[in-house]
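A.B. asks: Once you've had a glance at the structure underneath, I'll fire off some questions.
The values are calculated or read from the model by the stated rules, or taken from the named source; none is laboratory data. Every value quoted in this text rests on a predicted model; they were computed, and no experiment measured them. Don't worry about glycine lacking a Cβ; one is built from the backbone with ideal geometry, like all the others, and counts go over all protein chains shown.
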Amino acid sequence: MIWKTKVTELLGIKYPIIQGGLAYLAYSDLAAAVSNAGGLGQITAMSLGSPEELKEEIRKTRLKTDKPFGVNFAIGQHGRPFSSMLEAAIQEGVKVISMTGGNPAPIFEQLKGTSIKKLVLVAARRQAEKAEEMGADAVIAVGQEGGGHLGRNDTGTFVLIPQIVRAVSIPVIASGGIADGRGLMASLAFGAEGIEMGTRFIAVKECVHAHHHYKQDLISSSETDTVLIKKSIGAPARALANEWTEQIIQLEELKSGYEGLKEYIDGRANKKYIYEGNRSEGFGWSGQSAGLIYDIPTVQELFDRMLKEGEIIRNQWGNGKRD
């Protein structure tokens, strides 16, 4: 099966599969593995401490792959300026920058005059239209099934992707609730030119920074074992349900506001769980696709499986039947 799409052409990759930014987890081992398998791996910039650390991570990735990879900027979620970090990525000759959260306009301004491809995460039709107006090369449209930070509307991937495909002329990348070849093929059927997966790439061997408790919890969880937190402060995000998220939700019901929540939702609480596996003192992001995760393969094994599933589905479509 030929997997050529507008996204593979735009990014210079073999398969239309992109790894999400994954705060505190997406570093050289994972990014290089995804790129070597034919997709687009990404490094999470704002989880690193300085521009020098980002440059070092980019160089480490280049030692592990000669394929394209990107750098993700989670703007507006880390409370610190990103200009110097972005400049570090530009200086290192990164080919792809993706943006999640906040207003991407300053990044577009700083990238003027470069050939860097710009991908913007959106969760609504108007956001996609704005991104196209600003000069995005593609949008990543995430439905409410996704993990981490989401849109304020409750629109699911099934409805969101066709809607945005119709609204913009640039390529659309589907995200949210995708974890296998069936999700890939469904996304292409909706008109997307590729997919982004976050949660599925946590439960792989090359996601070396994720504690084994985190990976095992993803395997044992169903689609009903995730919850939305931070909705009361206008920044809804999906995480695995545990003791810590129960406390967050209780505080939200008491209308505690950001000040009352901040020690429960900050990066330290996130790292307490994802790095140390402490289930009672921290939390981990997860989409509803946790209900589709049953093992911890290598990235290459995951790609091989997904592509085989995709080919089987394509053949069934061609034959006009389902086995």
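A.B. asks: Hey, does the stretch 175-182 have a residue that's within 22 Å of LEU25 (Cα to Cα), assigned by TED's automatic domain parsing to the domain that holds ILE312, surrounded by fewer than 20 Cβ atoms within 10 Å (Cβ to Cβ) and of a type outside the set (Ser, Thr, Tyr)?
C.D. replies: To start, the set of residues in the stretch 175-182 that are within 22 Å of LEU25 (Cα to Cα) comprises 175-180.
Filter again for assigned by TED's automatic domain parsing to the domain that holds ILE312, leaving 175-180.
Adding the requirement that they be surrounded by fewer than 20 Cβ atoms within 10 Å (Cβ to Cβ) leaves 180.
Filter once more, keeping what is of a type outside the set (Ser, Thr, Tyr): 180.
The answer is yes, given that some residue of the stretch 175-182 is within 22 Å of LEU25 (Cα to Cα), assigned by TED's automatic domain parsing to the domain that holds ILE312, surrounded by fewer than 20 Cβ atoms within 10 Å (Cβ to Cβ) and of a type outside the set (Ser, Thr, Tyr).
A.B. asks: May I pose another question? Condition test on GLY310, is it crowded, with 17+ Cβ neighbours inside 10 Å, assigned by TED's automatic domain parsing to the domain that holds GLY176 and under 30 Å from GLY38 (Cβ atoms)?
C.D. replies: yes
A.B. asks: With respect to GLU92, determine if the residue is charged (D, E, K, R), farther than 18 Å from VAL120 by Cβ and surrounded by fewer than 16 Cβ atoms within 10 Å (Cβ to Cβ).
C.D. replies: No; evaluated as a whole, the condition is false for this residue.
A.B. asks: Look through the stretch 174-231, keep the residues that are in contact with a Ser or Thr (Cβ under 7 Å, 6 or more places away or on another chain) and assigned to a helix (DSSP H, G or I), and return whichever of them is nearest to HIS149 (Cα to Cα).
C.D. replies: THR199
A.B. asks: Next up: Would you mind stating whether SER35 is over 27 Å from GLY310 (Cα atoms), at pLDDT 95 or above and touching a Lys or Arg at 6+ places or on another chain (Cβ under 6 Å)?
C.D. replies: When the stated conditions are applied, SER35 does not pass them.
A.B. asks: Still on this structure, I have one more. Would you say GLU252 is closer than 29 Å to GLY39 by Cα, part of a helix (DSSP H, G or I) and among the acidic types (Asp, Glu)? Full working, then the answer.
C.D. replies: On the way: closer than 29 Å to GLY39 by Cα: no; part of a helix (DSSP H, G or I): yes; among the acidic types (Asp, Glu): yes.
In short, no.
A.B. asks: Given (1) without any contact (Cβ under 8 Å) to a residue 24 or more places away in the chain; (2) outside the structural domain of GLY39 (by TED's automatic domain parsing), where does THR226 come up short, assuming only one miss?
C.D. replies: (1)
A.B. asks: Assuming TYR24 fulfils every condition listed in (1) part of a loop (DSSP other than H, G, I, E, B); (2) in contact (Cβ under 8 Å) with a residue 12 or more places away in the chain; (3) over 24 Å from VAL142 (Cα atoms) apart from one, which condition is it?
C.D. replies: (3)
A.B. asks: Oh, and also: Tell me the residue from GLN127, GLN110 that is out of contact with any helix residue (DSSP H, G or I) (no Cβ under 6 Å at 6 or more places or on another chain) and farther than 20 Å from GLY39 by Cβ, please.
C.D. replies: Result of the check over GLN127, GLN110: GLN127.
A.B. asks: Kindly provide the set of residues from the stretch 69-99 that are over 17 Å from the mean Cα position of the chain (by Cα) and under 16 Å from SER115 (Cα atoms), ordered by number.
C.D. replies: Hits for the stretch 69-99 are LEU86, GLU87, ALA88, ALA89, ILE90, GLN91, GLU92, GLY93, VAL94, LYS95.
A.B. asks: Considering only residues that are closer than 20 Å to ARG279 by Cβ and either part of a loop (DSSP other than H, G, I, E, B) or in contact with a helix residue (DSSP H, G or I) (Cβ under 8 Å, 6 or more places away or on another chain) (or both), which ones fall in the stretch 232-249?
C.D. replies: Selection gives ARG238, ALA239, LEU240, ALA241, ASN242, TRP244, GLN247, ILE248.
A.B. asks: Collect the residues in the stretch 37-76 that are surrounded by fewer than 18 Cβ atoms within 10 Å (Cβ to Cβ) and in contact with a Gly (Cβ under 6 Å, 6 or more places away or on another chain), keeping them in residue-number order.
C.D. replies: Within the stretch 37-76, PRO68, GLY76 qualify.
A.B. asks: Could you tell me how many of the residues in the stretch 256-301 are under 17 Å from ILE233 (Cα atoms) and outside any helix (DSSP H, G or I)?
C.D. replies: Looking only at that region, the number is 2.
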